[in-house]
1. Do you know which residues across the stretch 213-237 are under 23 Å from residue 128 (Cβ atoms) and over 24 Å from the mean Cα position of the chain (by Cα)?
2. Which residues, taken from the stretch 106-126, are over 15 Å from residue 285 (Cα atoms) and crowded, with 17+ Cβ neighbours inside 10 Å?
3. So which residues in the stretch 176-208 are loosely packed, with under 14 Cβ neighbours inside 10 Å, of a type in the set (Gly, Ala, Ser) and either modelled with pLDDT under 95 or under 16 Å from residue 243 (Cβ atoms) (or both)?
4. May I ask you to list the residues in the stretch 30-41 that are modelled with pLDDT under 90 and hydroxyl-bearing (Ser, Thr, Tyr)?
5. For the stretch 20-51, give me each residue that is in a helix (DSSP H, G or I) and in contact with a Lys or Arg (Cβ under 8 Å, 6 or more places away or on another chain).
6. Sort out which residues of the stretch 209-239 are closer than 15 Å to residue 256 by Cβ, surrounded by 14 or more Cβ atoms within 10 Å (Cβ to Cβ) and touching a residue at least 60 places away in the same chain (Cβ under 8 Å), and write them in order of number.
Amino acid sequence: MLDARQLQAFVAVLEHGGFGPAAQALDLTLAAVSLRIKSLESGLGQRLVVRGKTVRATAAGQALLAHVKQVRLMEADLLAGLPGGRARGAAAWQSLGVAINADSVASWFLPGVAPLLQRHRLLMEIVIDDQDHTHDALKSGDVVGCVTTLARAIRGCVAEPLGALRYRCVASPEVAARCRTPTGRLSPHRLLAEPAVIFNRKDALQDTFLAQHLGLRQPHYPRHHAPAVDAFERAIELGLGWGMVPEQHLTDRPSLVEVLPDATVDVHLYWHHWARESDPARRLTESVKAAARGSLHQEGEGASAAV
């Protein structure tokens, strides 16, 4: 049987980013927190925490953290379901962590899950990362689900297809004109002479576009990095360069034009979640899938090549 006080200290160290902040949060001495972690590691025969300037969980620690968070959610469900539990817990809020790419958050995810969060008093802790990397937060136990491009589920999880988020290569009219020949055809050489506006260094959408539609592999071109959706799209509007923008966002950016009309890149997304879910996490899964069905391109809708 795992010791509740040891688990409390373990979770606090990881959530607060260190032994000192965890001790303050738990109103314990630093030595007491350290002793509880050491006792937990000794009892399990596993190193759970990597100590250093940045405290992080080992692989065993990540598995334990995910387990503890799931158990806490299930305990909250149980207490709420006991006679009088709903009344006693009417003011209680539960927190759910989700890892998702920035383009999906505002365009379809939040509008889709907002009614659920309000109806069931759920708090959302959103971890923003590139869609190729969001599953790392699920593996570490930081979130109960993630939107990712990976089709294969990690151990203990389920992966469900959501649909495709369609992107188009766009620029300001001035930049687009500089990328074309006098006859109006897109010139790959001229395009690569213009800067690209990229969300962050993990973003490979522009390389995918160049490979799929222009046959360019590992091309070299100048790049701006703007890791915020509004700033990223505004930079393109201001003529700083060309970039890949979700089709859904273009209705709010009428000044942007396509660099290569009808040349799209579809990013196929999957919802990964733990196989054992609490009721709030299960409701979230259903809301995410419903939101995706109403907003993303589904199979058979003329999707172009996937990333």
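1. First pass over the stretch 213-237, keeping only residues under 23 Å from residue 128 (Cβ atoms): 223-237.
The answer is 237, and nothing else.
2. Listed by number, the list holds a single entry, 107.
3. Within the stretch 176-208, 184, 193 qualify.
4. none
5. Looking only at the stretch 20-51, we keep the residues that are in a helix (DSSP H, G or I), and these are 20-26, 30-44.
The answer is 36, 41.
6. 229, 236, 237, 239
The values are calculated or read from the model by the stated rules, or taken from the named source; none is laboratory data. Quick caveat: nothing in here was measured; it's all calculated off a predicted structure. Every residue, glycine as well, gets a Cβ built from its backbone with ideal geometry; the counts of neighbours run over all protein chains shown.
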